[in-house]
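Novice: The following block contains the structure, expressed as structure tokens.
The values are calculated or read from the model by the stated rules, or taken from the named source; none is laboratory data. The shown structure was predicted, so the numbers you read here are calculated from the model rather than taken from an experiment. Quick reminder, even Gly has a Cβ in these numbers, built from the backbone with ideal geometry, and neighbours come from all protein chains shown. Accessible surface is based on the protein model in full, side chains and every heavy atom, while ligands, DNA and RNA are left aside. Shrake-Rupley method; radii C 1.70, N 1.55, O 1.52, S 1.80 Å.
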Amino acid sequence: MSIKPPLMDLEIETADSGFYAGFSKNVAVISKIIIALLVIWAVVFPESAGRILNAINGFILANTAYWYVWIAAFFVILCAALALWPTAGRMRLGVEGDRPEFSNFSWFSMMFGAGIGVGMLTWAVAEPMYHFGNNPEVIQGMVEGSTAENVRNAYKWSFYHWGLGAWACYAICGLALAYFCYRRGLPLTMRSSLTPIFGKSLAGPLGNVVDIVAVVATILGVAQTLGFGVEQFVAGLTRIGFGGLTNEAGTANTFGILLAIVVIMAASTLSALSGVGKGIKWLSNLNMGLSIFLLAFFLIFGSTFFGLQALVVGIWDYLVNQFSLMFTVWRSDGVEGSVASTLEGWQGAWSVFYWAWWVAFAPFVGLFLARISKGRTIREFVLGAMIVPSIMCFVWFTWAGGTAIDLELNGAANGAIAGAPDGDKIFAMVNFMLSDVLGWIMSVIIVVLLMTYLVTTADSAVLIVNTINAAGDEGPKARPHIYFWGIALGGVVAALLIAGGHKAITTAMVIGAFPFSIVMVLQCFALVKAIWNDGKREQAGVATTAEESVVPAE
């Protein structure tokens with residue numbers, strides 16, 4: 001039996017004229033309706049929306065803990081296997097002669113800025129501080145919280161949530177898209193990554209469903225990230241002198257939320273209109289430069305030795321315990337308040353939440369990674385997309401968060417950092433460390449850095465959503481569609497924050513992530529099948545890339 005070339009042609013129907021010219025109308029319209037209904041529901045019926053969303057969210061978290069924990073482990077193992085597999089590792093994400101479009105610095109900058117920058121600024125201080133006080137070891141009575149003995153556990157869990165598991169989610173999605181788009185000439189849209197399983201049937205309704213799920217997950221995953229960023233942006237504006245933006249609890253009020261959303265989305269929409277090669281590239285380089293400056297500040301003026309020790313020991317603890325962390329699932333014994341019940345609640349609020357967040361964020365970051373990674377080998381892509389950003393997160397968590405822990409541990413801060421809201425912790429720390437004038441200047445720098453991360457994330461999301469809606473067309477999109485998704489993204493964040501705070505956004509995100517998690521598992525099997533078969537095709541002298549074949553497979 002002769003070996004045939006792979007599918008290299010997927011005709012997705014798009015409108016020839018009118019407002020949706022160039023777009024897959026079913027995907028674009030249905031996605032807009034779903035997001036619009038969510039916003040209207042949250043604004044008009046906030047109590048009903050909150051009650052129903054929470055019920056669905058509770059059901060998903062109670063019944064899918066195993067699913068999320070194990071698929072995250074599966075993604076890490078598969079990425080490692082692909083990098084080590086000789087046949088896969090040497091394959092290039094493109095045709096013969098394709099080389100990377102962006103330098104390594106710009107590649108890492110865009111990958112890091114769009115992938116995790118906003119969340120890192122919030123959680124680099126807040127999460128180690130939280131785990132320093134409470135984590136599974138504290139719950140089980142193995143160590144006392146907020147003591148020097150608990151620092152190692154704080155970083156073990158922080159690294160687990162922000163390390164290889166997070167970036168494996170992004171790498172799998174991005175690799176699947178880049179492989180089928182740049183090697184086989186298929187459209188740069190989510191359905192293309194499943195062609196080895198479903199073939200040409202993805203050109204129709206089945207493919208539309210896949211792309212719609214990806215668009216909704218993208219909007220909700222990015223909304224989660226922007227929700228954290230908005231709170232921190234308002235905290236920063238308050239620190240540098242803008243009043244009336246927070247409530248008595250120190251968190252953003254309605255006016256603060258709306259002001260932040262308007263500023264961020266206006267800037268991001270303007271950047272999105274300029275495309276990836278201009279606005280997003282330059283913003284990414286700017287926020288990488290500011291990130292290095294801020295990190296250098298913590299390295300020089302923060303708890304330098306404490307941070308170095310936390311980094312080295314934390315990475316060791318993380319790697320040594322990696323397999324047990326990846327596969328441990330705590331289940332309740334049915335007794336409220338028991339250790340088992342508390343552990344299950346902790347895991348649902350932290351680990352399972354993070355895996356759902358990374359999955360919801362994966363279509364956005366994955367498609368963006370694919371867009372900026374043409375010409376790189378699979379081994380280069382996997383190692384670059386997993387290891388470098390993970391190390392950057394670890395460094396941030398140990399020197400920024402480590403400085404906060406050290407100041408609280410030695411009694412100097414006396415609760416000034418620990419008692420601040422999560423989004424305000426980094427501002428509270430720099431203001432404690434510096435004089436009033438220098439603290440104000442550093443707060444301004446952090447606000448500008450946060451703004452660049454927020455704008456980079458939002459405008460990238462708008463471009464990615466429009467690319468999926470346009471059946472993978474990366475070219476210029478009609479301005480009204482960019483405006484719509486900019487407004488829609490801001491509307492989702494504002495509506496859910498005002499209606500129910502971060503909990504409402506988290507609930508919507510977890511619900512939106514679940515169907516896409518199924519798509520991602522299918523992507524894994526499709527990718528392995530494609531690489532395996534392409535290896536056989538290469539041995540048989542059969543075309544494996546679009547450049548080599550002018551006759552598509554039957």
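Novice: So for the chain, averaging the separation of alpha carbon pairs under 8 Å that are six or more residues apart and normalising by length, what relative contact order in percent results?
Specialist: Working: 859 pairs, mean separation 195.2, N = 554.
Dividing the mean separation by the residue count of the chain yields 35 percent.
Novice: Further question: Taking all protein chains together and a probe of 1.4 Å, list Phe484, Phe75 from the most accessible to the least accessible.
Specialist: Phe484, Phe75
Novice: Among residues other than Met91 whose Cβ falls under 11 Å from its Cβ, what is the net charge (Lys/Arg +1, Asp/Glu -1)? Please list the in-between numbers first.
Specialist: Working: positive: Arg90, Arg92, Arg183, Arg376, Arg379; negative: Glu380, Asp534, Glu538.
Here the count lands on +2.
Novice: Let me ask something else. Students often get this wrong, so check it: of Lys32/Lys503; Lys200/Lys536; Lys156/Lys425; Lys4/Lys529, which have C-alpha atoms separated by over 19 Å?
Specialist: Distance filter (> 19 Å) returns Lys32/Lys503; Lys200/Lys536; Lys156/Lys425.
Novice: Using a basic spin-label model with each label point 7 Å from the Cα along Cα→Cβ, how many nm lie between Ile487 and Ile3?
Specialist: With each label placed 7 Å out from Cα toward Cβ, I get 5.3 nm.
Novice: If you don't mind, another one. To test your reading of the geometry: what angle, between 0 and 90 degrees and rounded to tens, separates the Cα axis of helix 353-372 from the longest principal axis of the chain?
Specialist: In the chain, helix 353-372 runs at an angle near 50 degrees to the longest axis.
Novice: So, one more: Could you order Glu538, Glu11 so the one with the most accessible surface comes first? Probe is 1.4 Å.
Specialist: Highest to lowest solvent-accessible surface, that is Glu11, Glu538.
Novice: Ok, one more. Cα-based Rg (one decimal) and Dmax (whole number) for the range 458-529, in Å?
Specialist: 15.3, 46
Novice: Please give me the summed charge of the neighbours of Ala126: other residues whose Cβ is under 10 Å from its Cβ, Lys and Arg +1, Asp and Glu -1.
Specialist: That works out to -2.
Novice: Using a probe radius of 1.4 Å on heavy atoms only, what accessible surface per residue do you get for the range 364-469? Whole Å² is fine. Display every interim value, and only then the final one.
Specialist: Working: 2740 Å² over 106 residues.
Roughly 26 Å² per residue, with all protein chains present.
Novice: I've got another one for you. Under a point-charge model restricted to the Cβ atoms of Lys and Arg (+1) and Asp and Glu (-1), what is the dipole moment magnitude of the chain relative to its Cα centre, in debye to the nearest 20? Walk me through the intermediate numbers first.
Specialist: Numbers: 28 positive and 33 negative charges, 222 e Å.
Charge dipole, the chain, about its Cα centre: 1060 debye, nearest 20.
Novice: Now a separate question. Near the amide H of Leu93, under 5 Å away, which other amide H atoms are found, from residues 5 or more places off or on another chain, if H is placed in the peptide plane?
Specialist: Placed amide hydrogens put Gly375, Arg376, Thr377, Ile378 under 5 Å from Leu93.
Novice: Can you compute the helix-only [θ] at 222 nm over the chain? Use -39500 (n - 2.57) per DSSP H run of at least 4 residues, normalise by all residues, nearest 500 deg cm²/dmol. Please report the intermediate quantities before stating the final value.
Specialist: On the way: 22 runs with 387 residues, N = 554.
Roughly -23500 deg cm²/dmol at 222 nm, from the helical runs in the chain.
Novice: Using a 1.4 Å probe, how large is the accessible area of Met288, given in Å² and rounded to the nearest 10?
Specialist: 10 Å²
Novice: Which cross-chain or sequence-distant (5 or more) residues have an amide H under 5 Å from the amide H of Thr246, H modelled 1.01 Å from N in plane?
Specialist: Those qualifying (amide H under 5 Å, at least 5 residues apart or on another chain) are Asn253.
Novice: Does the range 23-180 classify as rounded, prolate or oblate by the C-alpha gyration tensor (a ≥ b ≥ c root eigenvalues; a/c under 1.5 gives rounded; else a/b over b/c gives prolate, otherwise oblate)?
Specialist: It is oblate, given that a/c is not under 1.5 and a/b is not larger than b/c.
Novice: Another question, then. Taking square-rooted eigenvalues a ≥ b ≥ c of the alpha carbon gyration tensor, is the chain rounded, prolate or oblate, where a/c under 1.5 means rounded and, failing that, a/b exceeding b/c means prolate?
Specialist: Taking the square roots of the gyration eigenvalues as a ≥ b ≥ c, the chain is prolate.
Novice: Right, next: Which shape class, rounded, prolate or oblate, goes with the range 332-431 when its Cα gyration tensor gives a ≥ b ≥ c as root eigenvalues, a/c under 1.5 marks rounded, and past that a/b bigger than b/c marks prolate? Each step should come with its number before you reach the end.
Specialist: On the way: a/c = 2.70, a/b = 1.33, b/c = 2.03.
Since a/c reaches 1.5 but b/c is at least a/b, the shape of the range 332-431 is classed as oblate.
Novice: Right, here's the next one. Enter the accessible area of Val262 (Å², nearest 10), with the probe set to 1.4 Å and all protein chains included.
Specialist: Val262 exposes around 100 Å² with every protein chain in place.
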